[in-house]
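First up is the structure itself, then whatever we jot down about it.
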Amino acid sequence: MLAVRKARELGANEALLEDAHGSILEGSTSNVFAVFSGTLVTPAESAAILPGITRARVLEVARDAGMAIELRAIARAEIAQADEVFVTSSIREVVPVTKLDGQAVGSGGPGPVARELLRRFREAVRR
């Protein structure tokens, strides 16, 4: 709750939490994904993240779409260079992150991978 409070004070909707090594683990109420050169990256469950039902479904639809996926640590410095960043949660589904620490992520708007995964996620849920 402290992270959420601090994020809101800074005008953000979500706080990204990192481990002692500076790797991004998850959001305060979400799971985090980044896209680097077309590859979808998210921390592995072995990194002590909450597994997330929506995270699992997004990974499933990404695999079904033939997207390249890496389950690995995302360094804090690295995430600032991502083409896209988005978070997932059961309530919010897939939410693009357009700014990190006040700096634009990628083009500064929702990216094509997040938009496509949201579309496929909603299709899968409807089925």
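Some notes on this structure:
- Residue within region 43-57 that is modelled with pLDDT of 95 or more, in contact with a Lys or Arg (Cβ under 6 Å, 6 or more places away or on another chain), of a type in the set (V, I, T) and surrounded by 15 or more Cβ atoms within 10 Å (Cβ to Cβ) present: no
- Test: residue in region 1-21 that is among the β-branched types (V, I, T), more than 27 Å from R126 (Cβ to Cβ) and over 12 Å from the mean Cα position of the chain (by Cα): yes
- Taking residues in region 52-68 that are hydrophobic (A, V, I, L, M, F, W, C), and partners anywhere that are part of a helix (DSSP H, G or I) and surrounded by fewer than 19 Cβ atoms within 10 Å (Cβ to Cβ), the pairs with Cβ atoms closer than 7 Å and at least 6 places apart or on different chains are V61/A124.
- Close pairs (7 angstrom Cβ cut-off, 6 or more residues apart or separate chains): in a helix (DSSP H, G or I) in region 102-113, surrounded by 10 or more Cβ atoms within 10 Å (Cβ to Cβ) anywhere: V113/V35; V113/L40; V113/E84
- Residue check, R76 over 16 Å from S28 (Cα atoms), surrounded by 14 or more Cβ atoms within 10 Å (Cβ to Cβ) and among the basic types (K, R): no
- Taking the criterion of being modelled with pLDDT of 90 or more, assigned to a loop (DSSP other than H, G, I, E, B) and in contact with a helix residue (DSSP H, G or I) (Cβ under 9 Å, 6 or more places away or on another chain), the residues of region 9-28 that qualify are D19, G22.
The values are calculated or read from the model by the stated rules, or taken from the named source; none is laboratory data. For clarity, every value in this text was computed on a predicted model and none was experimentally measured. Don't worry about glycine lacking a Cβ; one is built from the backbone with ideal geometry, like all the others, and counts go over all protein chains shown.
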